[in-house]
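**Student:** First the structure, then my questions, so here it is.
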Amino acid sequence: MILEVDEIHCYYGLSHVVHGVSLQLEAGEIVSLLGRNGAGKTTTIQAIVGLLPPRSGEIRLAAKPITGQPAYEICRRGVGWVPQGRRIFPNLTVAENFRLATLKVGKKSTMDWLRHCYDLFPILEDRRNALAATLSGGEQQMLAIARALVGGPQVLLLDEPTEGLSPRVVRDLMQVVKDVAGQGVAVLLAEQNVYMALATARRHYILDKGVVMAAATTEELEQRPDILAAHLGVSSPKLRAGEEP
């Protein structure tokens, strides 16, 4: 396993918000975290990336503990993060956003990674001199994803990547996610868009109030719509196609 989260408990002050969450990812695998608002998806992501260290439990990357390490060190170890809301630098150009991300890879590799970013999202090369604030929502998300891939992470964490995007842009982004996984990167996808997640990921963890209520493959969830109805409030015969009813 490339990423192992073992019985982590996380708190905001005195509030116990993640209760013994465990999950695993293999290299090249796409796994989703599903749940309503407040279910604990973002907190779990932040625990992995080092922004909210768990008070107990362990997180391992390539079998080596990373629990409690600072976020910059976890990034250097091979965890890329695309936060909810993208958090790009709006007053910098696309090229400048990328150059900041390449600081961690060294001068010799900078041009190679810039080329890789533009190959992944050609539209960003066309807009390389545009301020990031002027990009569309979909283009900003492309920028955030490409920036997280600089340096070649082993694991990519995506927090609500489709929020506020049109269905066409969502489909394009999810194809990129599949392409990234095809290169051996493990992807953990925290999503409320159940239909997109089921069409993109192979396995799923359903969170409710900080607890893993179910862990299942897409095929298993298709055969058990009661699980989706109980914990996510959705039910559809079109799950395999990733279509919304």
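Just so you know, all these numbers are worked out from the coordinates, no wet-lab data involved. In this text, all values refer to a predicted model and were calculated from it rather than measured experimentally. All Cβ positions, even for glycine, are placed from backbone atoms using ideal geometry, and neighbour counts span all protein chains on display.
**Student:** If each residue of separation counts as 0.36 nm, what is the full-extension length gain between residue 9 and residue 202 once their alpha-carbon separation is subtracted?
**Tutor:** 66.9 nm
**Student:** Follow-up. Rounded to the nearest whole Å³, what is the per residue volume of the convex hull around the Cα atoms of the chain?
**Tutor:** Normalising the Cα hull of the chain by residue number yields 118 Å³.
**Student:** Oh, and also: With springs only between Cα atoms under 10 Å apart, run a GNM on the chain and tell me which of 171, 202, 224 wobbles the most.
**Tutor:** Fluctuation is largest for 224.
**Student:** On to the next question. For the chain, give me the percentage of DSSP beta bridges that are antiparallel, rounded to the nearest 5 percent.
**Tutor:** In the chain, DSSP labels about 55 percent of beta bridges as antiparallel.
**Student:** Hey, if you drop one equal point scatterer on each alpha-carbon of region 85-152 and run the Debye formula without solvent, what base-10 log of I(q)/I(0) do you get at q = 0.16, 0.17, 0.28 Å⁻¹?
**Tutor:** -0.43, -0.49, -1.34
**Student:** Next question, about the same structure. Could I have the simple spin-label model distance between residue 64 and residue 96, label points 7 Å from Cα toward Cβ, reported in nm to one decimal?
**Tutor:** 3.5 nm
**Student:** Specify the residue with the greatest mean-square fluctuation among 229, 215, 181, computed from a Gaussian network of the chain linking alpha-carbon atoms under 10 Å apart.
**Tutor:** Evaluated over the chain, the most mobile residue of the options is 229.
**Student:** Which value, in debye to the nearest 20, gives the size of the charge dipole of region 26-116 about its Cα centre, when Lys and Arg are +1 and Asp and Glu are -1 at the Cβ?
**Tutor:** For region 26-116, the charge dipole is close to 200 debye.
**Student:** Given charges of +1 on the Cβ of Lys and Arg and -1 on the Cβ of Asp and Glu, with all other atoms neutral, how large is the dipole of the chain about its Cα centre, in debye to the nearest 20?
**Tutor:** 700 debye
**Student:** Follow-up. Among 209, 64, 41, which one shows the highest mean-square fluctuation when the chain is modelled as a Gaussian network with alpha-carbon springs under 10 Å?
**Tutor:** 64
**Student:** Report ³J(HN,Hα) in whole Hz for each residue of region 158-164, in order, from the Karplus equation J = 6.51 cos²θ - 1.76 cosθ + 1.60 where θ = phi - 60°; Gly and Pro get x.
**Tutor:** Ordered by residue, 3J(HN,Hα) equals 10, 9, 6, x, 9, 4, x Hz.
**Student:** Given 141, 151, 118, which one lies farthest toward the positive end of the charge dipole of region 85-152, if we put +1 on the Cβ of every Lys and Arg and -1 on the Cβ of every Asp and Glu?
**Tutor:** Comparing the listed Cα positions along the dipole, 151 ranks first.
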